[in-house]
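A short write-up of the structure that comes next.
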Amino acid sequence: MLRPRLKGKVLFVFSDPGGAKPCLSLIAEDGISDVLVISDRSYSFYGDFGVPVSFPDATPLDIINDFKPEVIFTGTSYTSDLELCFISLAKQLGIPCISFVDHWTSIAKRFLMKDGEFCFPDFIWVIDQRAKEIAIKDGIDSSLVIISGNPYHQWLSKWLPKVEKNQYLEKISSDIEFKKIVVFAPDPLSNINGKSTYGFDELTATSKFMELLEQRKEEIEDWAILIKMHPNQQIEGLKKITENYSFVFLVESTIDVNETIFFADIVVGFFSSFLIEAQIMGKPVVRFIGPDTITDPFEELNVGIKAGGDTLITEILKYV
């Protein structure tokens, strides 16, 4: 099913990157000129799209009353209630509202208000048929769910960096003297009780990864492990685990995500959209799946090579 094109005065609202990038891509793809873009977070990639993003002090109601949008389009962050505030107001004020879900997990929960009630927009755009089926299984009425694809992926397939590799690496550390770049992008699974849901989280998996690297250090002498932290990541936990490894560098959230993927020789992770984006950009992907993994949200998707703990380094070595 083809998504309808957005037109008229559109108010875009997002917090997490998974909502920000598709929203900004839509503005360019649909040629929308009369827009207001609102967020409560700043990211380095905003400049790539050439679309101003505002961080107003005004209340959501004042923003709506001032701009008078014909449509409100939101992301669906689980760490912020910004989008839910605007969805709720759109329903109260009778303004058409659309929300985009960039993943296959916790679709209905993204619309759960603090009072325990669900607040669904008029339409929910999802990335594929599988996501639609999951949304319906979650209890969302099928009439609300539209398969839109991910507008950001088309934009990303044509993306090129504005800096050279050495300039990118210099932004991370002047000590990177390695030839091969392995990017590790651990999802912040501990934020959603990952051990119970998946059998591991980013902290236990990173510890295992470091242990495996140490065991085979003679084979990885020319590697640099760049850990691309998610904006919602528990940074201190990762720092503690990796601080004694000279070949590991933490990539701050201010560093451009697309540059990190582009200059990688391989990308390693779990279930993040980051892995899908890496694949779109032509990078080999290996997914950490431990022996005690309970569920795999990417099970039915053709994303990367799955590797258990003991085979992880072996699989990476095939590509670097």
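Here are the numbers for this structure:
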| quantity | calculated |
| --- | --- |
| Filter pass, S207 being surrounded by fewer than 17 Cβ atoms within 10 Å (Cβ to Cβ), out of contact with any helix residue (DSSP H, G or I) (no Cβ under 7 Å at 6 or more places or on another chain) and either in a helix (DSSP H, G or I) or outside the structural domain of F262 (by TED's automatic domain parsing) (or both) | no |
| Selected residue (only one of I192, I227, I134 is assigned by TED's automatic domain parsing to the domain that holds T76, under 30 Å from D81 (Cα atoms), under 23 Å from the mean Cα position of the chain (by Cα) and crowded, with 16+ Cβ neighbours inside 10 Å) | I134 |
| Test for K240: is it among the basic types (K, R), out of contact with any Gly (no Cβ under 9 Å at 6 or more places or on another chain) and touching a residue at least 40 places away in the same chain (Cβ under 8 Å) | no |
| Qualifying strands (runs of 3 or more DSSP E) (wholly inside the range 246-320; at least 2 residues being over 15 Å from L226 (Cα atoms) and not charged (D, E, K, R)) | 305-307 |
| Count - residues of the range 17-36 that are modelled with pLDDT of 90 or more and closer than 17 Å to D48 by Cβ | 10 |
| Number of positions in the range 82-122 that are modelled with pLDDT under 95, charged (D, E, K, R) and surrounded by fewer than 18 Cβ atoms within 10 Å (Cβ to Cβ) | 4 |
| Positions within the range 212-239 being at pLDDT below 90 and of a type in the set (S, T, N, Q), in sequence order | N232, Q233, Q234 |
| Enumeration of residues in the range 186-221 that are hydrophobic (A, V, I, L, M, F, W, C) and closer than 11 Å to G237 by Cβ | L203 |
| Those strands (runs of 3 or more DSSP E) lying entirely in the range 59-153 with at least 3 residues touching a Lys or Arg at 6+ places or on another chain (Cβ under 7 Å) | 145-147 |
| Matching residues, the range 8-23, being among the charged types (D, E, K, R) and free of Cβ contacts under 8 Å to residues at least 60 places away in the same chain | none |
| Answer residue from the range 137-164, given it is more than 28 Å from G94 (Cα to Cα) and aliphatic (A, V, I, L, M) and is farthest from the chain's Cα centre (by Cα) among those | V163 |
| Which listed residue, of A20, A58, A90, is closer than 19 Å to L156 by Cα and of a type in the set (A, V, I, L, M) | A20 |
| Residue that is in the same structural domain as D16 (by TED's automatic domain parsing), aliphatic (A, V, I, L, M), touching a residue at least 60 places away in the same chain (Cβ under 8 Å) and more than 23 Å from I313 (Cα to Cα), where the choices are I146, I172 | I146 |
| Pick from the range 41-55, criterion part of a loop (DSSP other than H, G, I, E, B) and farther than 25 Å from W104 by Cβ, ranking: modelled with the lowest pLDDT | S44 |
| The range 14-34 - residue that is over 16 Å from the mean Cα position of the chain (by Cα) and surrounded by 20 or more Cβ atoms within 10 Å (Cβ to Cβ) and, of those, farthest from S272 (Cα to Cα) | I27 |
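Conditions (1) at pLDDT 95 or above; (2) over 30 Å from Y78 (Cβ atoms), marked per residue:
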{"site": "V126", "(1), (2)": "yes, no"}
{"site": "I136", "(1), (2)": "yes, no"}
{"site": "S157", "(1), (2)": "no, no"}
{"site": "K171", "(1), (2)": "no, no"}
{"site": "D175", "(1), (2)": "no, yes"}
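The values are calculated or read from the model by the stated rules, or taken from the named source; none is laboratory data. Quick caveat: nothing in here was measured; it's all calculated off a predicted structure. Backbone-built Cβ (ideal geometry, glycine too); neighbour counts: all protein chains shown.
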